[in-house]
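The values are calculated or read from the model by the stated rules, or taken from the named source; none is laboratory data. Small disclaimer: the values here were computed from a predicted structure and weren't measured. FYI the Cβ positions are ideal-geometry reconstructions off the backbone, even for glycines, and counts take in every protein chain you see. Keep in mind that these areas ignore ligands, DNA and RNA; they rest on the heavy atoms of the full protein, side chains included. Shrake-Rupley method; radii C 1.70, N 1.55, O 1.52, S 1.80 Å.
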Amino acid sequence: MEETKEKKSTKKVDTWEYKDRNYYLLGTKTPLTYTIMSKHSRRYPCVWFDEKKGYERELRYATNQKSIFVDEQEGSSTLAHIVFDGGHLYVKKEKRNLQEFLAKHPHNGVLFAEFDPVVQAEDQYDYLEMELEAMNIATSMDIDQLEAILRVEIGTSVNELSSKELKRDGLLFAKNNPNLFLDLAQDENVVLRNFAIRATEANIISIADDQRTIKWTTNGRKLMTVPFDENPYSAMAAWFKTDEGLEVYKSIDKKLK
């Protein structure tokens, strides 16, 4: 009896999922219309690295071609613009070549991305979690630290806010920009920078016009020299942590009270 060997199928399995897809521009700007490149050029390369073949393949979107690879296209090609309308692009499942082109486009994940409800839900959950954490911290934070953080956001107008207004605006800041709020809340120097600004506004200390010298306003005695190319308030915040700076801090604190 002759032994038969099972032949392995060499037929390529098509795993492409046919479905309508939505794409959106990344970033905060949403122009009325935005056109992305649809073919390769020397100035704007449009290629995709094929790991199986081991080299980059030139891409071109043509409405009359099945393949998006130039080396597989035959005859004349009918090119078309790919336009995002209001930051959004909807592509029906029948336009597989356009969907494949967008999937391999060099700007995918850079200028635009495909909308994925699962990823979107995960991102929203992470953001809500961060927002909740920021608001909880803002709720328990003391007024001096809230003032220091809000000064970064709204500047000297923070001086005109009452305690309740500071708490309210602190919560709103935490809700609307939780990432920045958490960064500032973890910045150990933010309160000291605010202290230095308050001391300057109260005319207890002053900064020379060259932004390099800090001195007592009353007698002009020099307190410290600001390192080159450093913000004077950041420099003072670091200086207040030194033995000499701590004594000056205590003296200023008494005058502010």
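Overview of values
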read-out: Scan of the range 24-48 for residues that are among the aromatic types (Phe, Trp, Tyr) and either closer than 14 Å to Asp71 by Cβ or modelled with pLDDT of 95 or more (or both), ordered by number; value: Trp48
read-out: Residue in the range 146-160 that is in a helix (DSSP H, G or I), free of Cβ contacts under 8 Å to residues at least 24 places away in the same chain and hydroxyl-bearing (Ser, Thr, Tyr) present; value: yes
read-out: Filtered residues of the range 218-243 (kept if open to solvent by 40 Å² or more (accessible area, probe 1.4 Å), in a helix (DSSP H, G or I) and in contact with a strand residue (DSSP E or B) (Cβ under 9 Å, 6 or more places away or on another chain)); value: Tyr233
read-out: Test result for Ala196, open to solvent by less than 20 Å² (accessible area, probe 1.4 Å), in contact with a Pro (Cβ under 9 Å, 6 or more places away or on another chain) and within 25 Å of Ser140 (Cα to Cα); value: yes
read-out: Val83 vs. criteria in a loop (DSSP other than H, G, I, E, B), under 30 Å from Val47 (Cβ atoms) and in contact (Cβ under 8 Å) with a residue 40 or more places away in the chain; value: no
read-out: Pairs with Cβ under 6 Å, 6+ apart, first in the range 93-107 and touching a residue at least 24 places away in the same chain (Cβ under 8 Å), second surrounded by 17 or more Cβ atoms within 10 Å (Cβ to Cβ) and among the charged types (D, E, K, R); value: Gln99/Arg21
read-out: From Ala103, Ala113, Ala208, residue being over 30 Å from Leu59 (Cα atoms), hydrophobic (A, V, I, L, M, F, W, C) and either open to solvent by less than 80 Å² (accessible area, probe 1.4 Å) or in contact with a helix residue (DSSP H, G or I) (Cβ under 9 Å, 6 or more places away or on another chain) (or both); value: Ala208
read-out: Enumeration of residues in the range 86-100 that are open to solvent by 60 Å² or more (accessible area, probe 1.4 Å) and over 23 Å from the mean Cα position of the chain (by Cα); value: Tyr90, Lys92, Lys93, Glu94, Lys95
read-out: Residues satisfying the stated conditions in the range 170-217, i.e. farther than 14 Å from Val248 by Cα and assigned to a loop (DSSP other than H, G, I, E, B); value: Asn177, Gln186, Asp187, Glu188, Asn189, Ala202, Asn203, Ala208, Asp209, Asp210, Gln211, Arg212
read-out: Residue check for Pro31: surrounded by 10 or more Cβ atoms within 10 Å (Cβ to Cβ), in a loop (DSSP other than H, G, I, E, B) and in contact (Cβ under 8 Å) with a residue 60 or more places away in the chain; value: no
read-out: Any hit, the range 110-132, residues being part of a loop (DSSP other than H, G, I, E, B), free of Cβ contacts under 8 Å to residues at least 60 places away in the same chain and in contact with a Leu (Cβ under 8 Å, 6 or more places away or on another chain); value: no
read-out: Some residue of the range 174-181 being touching a Lys or Arg at 6+ places or on another chain (Cβ under 9 Å) and surrounded by 15 or more Cβ atoms within 10 Å (Cβ to Cβ); value: yes
read-out: Residue identified as surrounded by 11 or more Cβ atoms within 10 Å (Cβ to Cβ) and either under 20 Å from Phe195 (Cα atoms) or out of contact with any His (no Cβ under 7 Å at 6 or more places or on another chain) (or both) among Thr139, Thr156; value: Thr139
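Listed here are the residues, each with its yes/no results for (1) open to solvent by less than 70 Å² (accessible area, probe 1.4 Å); (2) assigned to a loop (DSSP other than H, G, I, E, B).
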position	(1), (2)
Asp14	no, yes
Glu17	no, yes
Tyr23	yes, no
Gly27	yes, yes
Tyr44	no, yes
Trp48	no, no
Asn64	no, yes
